[in-house]
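Every number here is computed from the coordinates shown, using simple stated rules; none is lab data. Model, not experiment: these values are computed from the prediction. Quick reminder, even Gly has a Cβ in these numbers, built from the backbone with ideal geometry, and neighbours come from all protein chains shown.
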Ligand code: MTE
Ligand code: MO
């Protein structure tokens, strides 16, 4: 593989793996803005960053179980109505390092910043599918297509040197309300190479692994994509499954991410002064659900106070407000008293009343995915 033509990156990023390049911003920088700057947005790759330099000749082919396969140029995509969707992308491996401290897991280690919130600009996939004769709200095409597969141009060793790929159900892809995008902009700028130039998929509310970068083709297929990252990775197993007894086919590919939150204003171990400290961070509910509550404890989880929440600075967030960015994270803040050295804990609740699990042990899995356990930081009170 050729890693000699990687793009330049922000010096503040913490590099978790160099080749393929995997990096996240420091905790404290993650929540300084509601919309994450492109430079600081986590980068998660499975191969070298491809170079697409001839935008005139670039095209996406749409084919498979449809009547009218087509090649779409960038112009065809630019000509469709443009939508700006504020959506949080989170890697299923976010917070993996903490899970690996219980027992070893396989995969790149991440602290709590394999997540970011961006304004993605692009065409709705539902509109693109209409160009090839698939009406809105279709779950099966006449020739039996039920899933939409996205294939990239990057080369991954997990795919034996083939491209990264993933799929989502056609019912979601053709539903304009699901806001699935073929995005060519991130925060108002053309996508950069790290994030999928010239075109990537954004599947809001779903683990980052399904938002395929550097899109090359779209296939309408009968069964979910059989690629490595759908079938041999990014699946959830119980703590009893190990590398000797694993049966991949018994589990479904992870799609929606579950309610998550983390404290970004404190590191392990911070020495703080007596008195009030500010506990702030992010909370993200998958599947388009809202964040109902964020609870903070300064005594390891015995007693709790509620944090204030916001998306737009200065405007309190109310979970059922129709003006919320429904696919985006919510930032939280609580001023608490930490009179002695202690463990500060955060847990969130979504609008379906799902609560984060208390301990990482109970959700441990060999791939180290979906660590959504209560986020805890140790603080020591000093002078
Ligand atoms: N798309 C391609 N083509 N190749 C990849 O390695 N990684 C996926 C997804 N799309 C990946 C990809 C994973 S696991 C995640 S979490 C997100 O992209 C990360 O997107 P980002 O690097 O823009 O943050
Ligand atoms: Mo990921």
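FRET efficiency for residue 231 and residue 2, Cβ-Cβ distance as r, R0 = 30 Å, nearest 0.05? Using R0 = 30 Å, I get an efficiency of 0.65. Distance distribution note for region 171-319: the fraction of Cα pairs above 23 angstrom is 58%.
In Å, what Kirkwood hydrodynamic radius results for region 4-151 from the alpha-carbon pair distances? Mind dumping the intermediate values first?
Details: mean 1/r = 0.0545 Å⁻¹.
So the Kirkwood estimate lands at 18.3 Å.
Which of 299, 79, 256 ends up with the largest GNM mean-square fluctuation for the chain, with Cα atoms connected below 10 Å? Fluctuation is largest for 79. The average projected area of the chain, computed from the convex hull of its Cα atoms over all directions, is 19.3 nm².
Summed over qualifying helices (DSSP H, 4 residues or more, each -39500 (n - 2.57)) and divided by its residue number, the chain shows a 222 nm mean residue ellipticity of -1500 deg cm²/dmol. Label positions at residue 17 and residue 137, each projected 7 Å from the Cα along the C-beta direction, are separated by 4.2 nm.
Please compute the Kirkwood hydrodynamic radius over region 169-256, one decimal place, Å, based on all pairs of different Cα atoms. Before the final figure, lay out each step's value.
Numbers: mean 1/r = 0.0674 Å⁻¹.
It is 14.8 Å.
Normalising the Debye intensity of region 238-383 to I(0), with uniform scatterers on Cα atoms only, and taking log10 at q = 0.09, 0.12, 0.19, 0.20 Å⁻¹ returns -0.33, -0.56, -1.10, -1.17. Each of 261, 156 was scored by other Cβ atoms within 10 Å of its Cβ. Arranged with the fewest first, they read 156, 261. Just report the Cα centroid separation between region 17-59 and region 128-178, whole Å. The two parts, judged by their Cα centres, are 23 Å apart. With N as its number of residues, region 85-159 has a Cα radius of gyration that, divided by 2.2 N^0.38 Å, comes to 1.60.
Give me the extension gain from residue 71 to residue 351: residue separation times 0.36 nm, minus the current Cα-Cα distance, reported in nm with one decimal.
Working: separation 280, 0.36 × 280 = 100.80 nm, distance 4.09 nm.
96.7 nm is the gain from fully extending residue 71 to residue 351.
In terms of other Cβ atoms within 10 Å, 362, 343 run from fewest to most in the order 362, 343. Residue exposure proxy: 366, 170, ordered by other Cβ atoms within 10 angstrom of their Cβ from fewest to most, comes out as 366, 170. In this rough spin-label picture, where each label sits 7 Å from Cα along the Cβ direction, the residue 63-residue 103 distance is 4.5 nm.
Separation of region 328-383 and region 278-325, taken as the distance between their Cα centroids, equals 12 angstrom. How far is it, in nm, from the label point at residue 130 to the one at residue 10 when both lie 7 Å from their Cα along the line to the Cβ? Each label point is offset 7 Å from its Cα along the Cβ direction, giving 3.6 nm. Between 215, 266, 89, the GNM of the chain built on Cα springs shorter than 10 angstrom shows 266 fluctuating the most.
Using a Gaussian network model of the chain in which every pair of alpha carbons under 10 angstrom is joined by a spring, one finds that among 192, 94, 371 the greatest mean-square fluctuation is at 192. Between residue 79 and residue 322, residue separation times 0.36 nm minus the direct Cα-Cα distance comes to 84.6 nm.
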